[in-house]
Amino acid sequence: MDLSFLDNRLLVSLISGGVGAIVALLTQRILGKRGLLTYFVWHNQIGVSADDAVFGTVRVTWNGNPVANLYSSTIELRNESLKDYENVSVRVFTADTFLLTERSEILDTTQILGWTDEFSRILSVPPGSEPTLAQRNLFGSRRDYLVPTMNRGQVVRLTFLNAPTLGKQPSLWLDILHKGVKTRFRIAQNQFLGVSQPAAVLVGTAVGVIFLVIVVGLVHTVWLASILCLLYGLLVVVPGALSIKIWRWVRDAIGD
């Protein structure tokens with residue numbers, strides 16, 4: 001390879017300066033990027049009330065009241081930004097199901113989430129009293145949580161037993177209002193090595209173009225080059241996932 005252009009100090013300086021400017025720009029974009037919290041939701045039907053003239057009746061009830069369908073819905077909230085946040089208020093709400101029991105956890109910790117002070121106050125019931133209709137409706141349609149600390153990469157998982165009111169799969173949403181943070185819903189996808197499988201395939205395909213160029217340039221035996229490319233195609237998700245994880249590591253290292 002002809003490297004004689006390296007003898008031109010002016011050219012080398014210009015190239016070095018250009019590369020440095022690009023790196024600095026990318027670093028500023030990464031560090032200045034607005035915080036991003038993403039969440040996924042998935043549902044599992046666990047009970048159905050039904051009447052059968054031959055085999056009998058199945059009833060799902062809540063507090064003695066029949067429920068047509070019973071679902072377990074899980075929400076996972078992830079901090080995908082380069083910043084850590086404190087006292088993040090997270091609201092779960094729905095318009096087509098009745099929220100029953102709940103379970104919360106901050107993954108990789110022993111901590112669970114508590115309600116916000118305001119939400120606890122609104123749902124407070126004096127000893128010996130019954131919840132009002134407004135309190136029951138609020139409890140069934142909304143929950144407000146306070147996440148004391150949400151570090152980068154942290155995952156909060158919320159699970160609700162719920163009964164759809166419209167006879168179809170429920171829909172649950174998150175509403176988060178926090179300075180410098182935006183919230184984005186994403187469709188739940190299969191994971192590979194902690195990375196979205198479709199994203200890993202896409203990145204792996206892009207990396208495969210570089211791999212193909214290297215193989216064509218270095219491997220002169222056709223059958224060997226074909227086998228290498230075939231193997232890469234079969235395992236494309238692996239280099240894709242590893243590339244994404246390496247990028248995340250570099251991004252987090254820059255953000256420290």
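The values are calculated or read from the model by the stated rules, or taken from the named source; none is laboratory data. It should be emphasised that the depicted structure is a prediction, and the values quoted were computed from it without experimental measurement. Using ideal geometry, Cβ is built from the backbone for each residue, glycine included, and neighbour counts are taken over all protein chains shown.
Among residues of segment 227-239 that are more than 8 Å from GLY208 (Cβ to Cβ) and of a type in the set (A, V, I, L, M, F, W, C), those with a beta-carbon under 8 Å from a residue that is part of a helix (DSSP H, G or I) and modelled with pLDDT under 75 at least six positions away or on a different chain give the pairs VAL237/GLN197. Of everything listed in (1) in contact (Cβ under 8 Å) with a residue 24 or more places away in the chain; (2) assigned to a loop (DSSP other than H, G, I, E, B); (3) of a type in the set (A, V, I, L, M, F, W, C), the single unmet condition for ILE112 is (1). Considering only residues that are surrounded by 16 or more Cβ atoms within 10 Å (Cβ to Cβ) and within 22 Å of the chain's Cα centre (by Cα), which ones fall in segment 83-98? Hits for segment 83-98 are LYS83, TYR85, VAL88, VAL90, VAL92, THR94.
In segment 120-146, the residue that is farthest from THR165 (Cα to Cα) out of those that are outside any loop (DSSP other than H, G, I, E, B) and touching a Phe, Trp or Tyr at 6+ places or on another chain (Cβ under 8 Å) is LEU146. Being within 19 Å of PHE185 (Cα to Cα), at pLDDT 90 or above and more than 17 Å from the chain's Cα centre (by Cα) is a condition met by no residue of segment 73-82. For segment 65-102, the set of residues classified as under 26 Å from GLU118 (Cβ atoms) and among the charged types (D, E, K, R) consists of GLU76, ARG78, LYS83, ASP84, GLU86, ARG91, ASP96, GLU102, listed by residue number. All conditions but one from (1) under 20 Å from PHE98 (Cα atoms); (2) assigned to a loop (DSSP other than H, G, I, E, B); (3) aliphatic (A, V, I, L, M) apply to ALA163; the one that does not is (2). Output the residues belonging to segment 146-161 that are surrounded by 21 or more Cβ atoms within 10 Å (Cβ to Cβ) and within 15 Å of PHE93 (Cα to Cα). LEU158, PHE160, listed by residue number.
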